[in-house]
Structures are given as C-alpha cells and as structure tokens.
Amino acid sequence: MQLPPSVYQSFAEKTGQAFFAYDLGAQQFVYQNQPFKDWFRLPEQEINPDVLLAAVHPDDQGYVQNRLKALLNRGVCQEVEFRVQFEQQPVQWVCLSASIVEEGQGELVVGHAEDITANRQYNDHLKKFSNKKDSILNILSHDLAAPLGMIQNLTGLLTEELKGNMSEDAARIIGLIEQSSRQGANLIREFMEQEFMESTQNELITRRVNMAQKLKEALGEYKGASGKFLTKHFQFLCSQTEIYAQLDDLKFLQAITNLISNALKFTPDGGTITVSLEDEADTVLVKVADNGVGIPQRYHAHLFDKFTQARRPGLKGEHTVGLGMSIVKTIIEWHRGQIWFESEEHKGTVFYIRIPKE
C-alpha cells in the first residue's frame, strides 16, 4: 500500500528535523516544515538558496558548493557536514542529506538538515581523550619501558657478579626485581599493541574533520613529554589553522601514532621527529619525518607486508609487531589514500600520506 502525501508531511512535521523540498525548474522552495523555518527566523518567501549559502561559514562555502554540484550530477547527496552561522547565533554544525526525485514533469530536491553541534562536541571530547590515551601509551611503551628493561639487565649483571656469594634471601629479592620489571615492560607493550589491533576490527566511520587541529592535539602530548619522559624533540608544521578532510579521525590518528612509534624506536636520544601537514587543493599531505638511523635498503620492498621480515628491534631493544606497518597501510587505503616513504641509513626516514579531502 502506498502512503498518501499527507502521512509523509505529518511525519516531517513531528520529527523535529528540518525537512524541505525545492523545485529545480521553478527555482523555489515548495515545502518547508516548521523546524526548517525556525532555523532562519525569516518570512518563508525570503528563504532562498542565496540566503542559505550566505549562512554557510566562509571556509565551508566552496566545500558545500562542490557537494551541491555532485548532487545535481549524481542525484543523491548523503550526510554533508558543514558549519553555519545565523544572525546573533553561535556557529553550528549541520548535517545535510538530499536527493533529487521526479515530480510530474519536473524535479525536486528533497532532504533534511539536522543540527549536529552537540554530537560533534561530544565526539570531539571523547576522541580527544582517546588520542591522548594512545599518545601516553606510546610514551610509556618507549621511554618508560626502557628503564624497566635496564633494570632487568642490571639484575642479571648483579646476579652474575655475586654468584656464589649471595644469600638465598638476596637471590630471591633480585629474582623478584627481575620478574617484576620484565612483567611491567611486557604489560605496557602488549597493552599498546592490543589497542592498535582492536581499532582495525571496527567499521570505518568518516566525518568532516579539521586535520590541523587533530594533529596539533595529538602532537601536544609528545611535545609536553619531551625533556621530561622522552629524550627526543617533537615539532608540528602547518601553515593553516584549518584544513578539512573526510576521515575516520580515530583510526587515522592511530596510524599516525604508529608511525611516531616507529620514529621513536629508531631515533637516538636528542633526535627530532617532525609531523607536517600540507593543503594540496583536492588532497592533504601528511609527513612523519625523523633524523634517526634510517631503514636499510634491503627492507624497503617488504616494509608494508604482513608479518614482514623487515621488522627489527628498536635502538633500546623495543619489541615490534610484524603487522604494524601493514595495518597502517590498510587504514590509509580505507581512506582512499596512499602511503610511501623515503629513507637512507644514518640519515633518517620520511613517511608520506596523501588522502583526498572528500
């Protein structure tokens, strides 16, 4: 049974979302429900595409116009997220979905818009602390795990030095020290690996994200730990405060964290790790560079293989996962991107990631 138009109209009026219908031939709105009208606080006859576009944040207008062109070409436009600012109101985030349908001899653009400001703020808050957690775990797995490894080595030397001249109690205490330090180092490493592996089991959920802000936040933990816990220096290079791209920021930043993890392992104390972000019109380029020991040429062809033979312990004996770089490559390809690197022994390594903005 086909439902009458009045049923759809009744549904649109009661959902609380802003529904509309726009006649492409007549170039005018033929339907606006009350939430749609309430957004603009204007007489219905004054609401037109020019008024709507003027409300879009200046930095998002080009993006919205491109998506509208895609709508006209493909007939559907799903979940376009952008910022709007109406008179005497704070900036809001909107999610717009629309489709073109045939109506009589003409075509209508029908769709709905939803205020997602609160959802974005909540998700940003959660992801900020999730990324902070990953950064802290990365720090722990390197420069705090290293002293535990040193304790293990010292207990072995002490046992060898006092062989035959050590009481049973002293031997038991030294054994407990060695066992505790080994378990602590293993626990930190396994926790970090498990967090990274589990993230790849979840579905990719993308949204429009300010990469400049996200990368700056991620590097903040490393820069704050530099000189305190970490013996390396960090810097973030980006000429703009806003560079937007459509991505799953949680998974993407975990891929960046993994590249930083590798840089930490193979950069000597006092070295520098640099993350940079460049706007390339339709794409975004991320670089993770270090001035460490570099990757031997014999490993270059197999670095991104699963269970690669290119894995090797870090400068301080840090353990490495054979799947690590393979998963990074997979995450980047999920974003329709590319990853490659340049490296020379004793001169450092640069990883490049290029992803489309949309």
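Which members of segment 80-99 meet the condition of being closer than 19 Å to Glu358 by Cβ and either loosely packed, with under 14 Cβ neighbours inside 10 Å or hydrophobic (A, V, I, L, M, F, W, C) (or both)? Within segment 80-99, Val80, Phe82, Val84, Trp93, Val94, Cys95, Leu96, Ala98 qualify.
One residue is enough: does segment 187-198 have a residue meeting the conditions assigned by TED's automatic domain parsing to the domain that holds Val275 and at pLDDT 70 or above? No, that holds for no residue. Candidates are the residues of segment 230-285 that are basic (Lys, Arg) and part of a helix (DSSP H, G or I); the one that is farthest from Lys357 (Cα to Cα) is Lys265. Applying the condition of being crowded, with 16+ Cβ neighbours inside 10 Å and touching a strand residue (DSSP E or B) at 6+ places or on another chain (Cβ under 9 Å) to segment 224-236 and asking which residue is modelled with the highest pLDDT yields Phe236. Based on what the data block shows, is Lys287 assigned by TED's automatic domain parsing to the domain that holds Met325 and more than 24 Å from Ser326 (Cβ to Cβ)? When the stated conditions are applied, Lys287 does not pass them. Summed over segment 148-160, the residues that are at pLDDT below 75 and among the polar types (S, T, N, Q) give a count of 2. Quick check: anything in segment 85-95 at pLDDT 85 or above and within 18 Å of Val110 (Cβ to Cβ)? Scanning segment 85-95 turns up at least one residue that is at pLDDT 85 or above and within 18 Å of Val110 (Cβ to Cβ). Look at Pro356 and say whether it is under 17 Å from Leu253 (Cα atoms) and modelled with pLDDT of 85 or more. Here the answer is yes, as Pro356 does meet what is asked.
Quick check: is even one residue across segment 161-176 outside any helix (DSSP H, G or I), surrounded by 11 or more Cβ atoms within 10 Å (Cβ to Cβ), at pLDDT 65 or above and in contact with a helix residue (DSSP H, G or I) (Cβ under 8 Å, 6 or more places away or on another chain)? Scanning segment 161-176, I find at least one residue that is outside any helix (DSSP H, G or I), surrounded by 11 or more Cβ atoms within 10 Å (Cβ to Cβ), at pLDDT 65 or above and in contact with a helix residue (DSSP H, G or I) (Cβ under 8 Å, 6 or more places away or on another chain), so the answer is yes. Take the conditions (1) closer than 29 Å to Arg120 by Cβ; (2) of a type outside the set (Lys, Arg); (3) at pLDDT 85 or above; Ala263 misses just one of them, which is (1). Filter segment 58-81 down to the residues that are assigned to a helix (DSSP H, G or I) and polar (S, T, N, Q), then identify the one that is farthest from Ala98 (Cα to Cα). Looking at residues that are assigned to a helix (DSSP H, G or I) and polar (S, T, N, Q), I get Gln61.
The values are calculated or read from the model by the stated rules, or taken from the named source; none is laboratory data. None of these values were measured; they are calculated from a predicted model. Don't worry about glycine lacking a Cβ; one is built from the backbone with ideal geometry, like all the others, and counts go over all protein chains shown.
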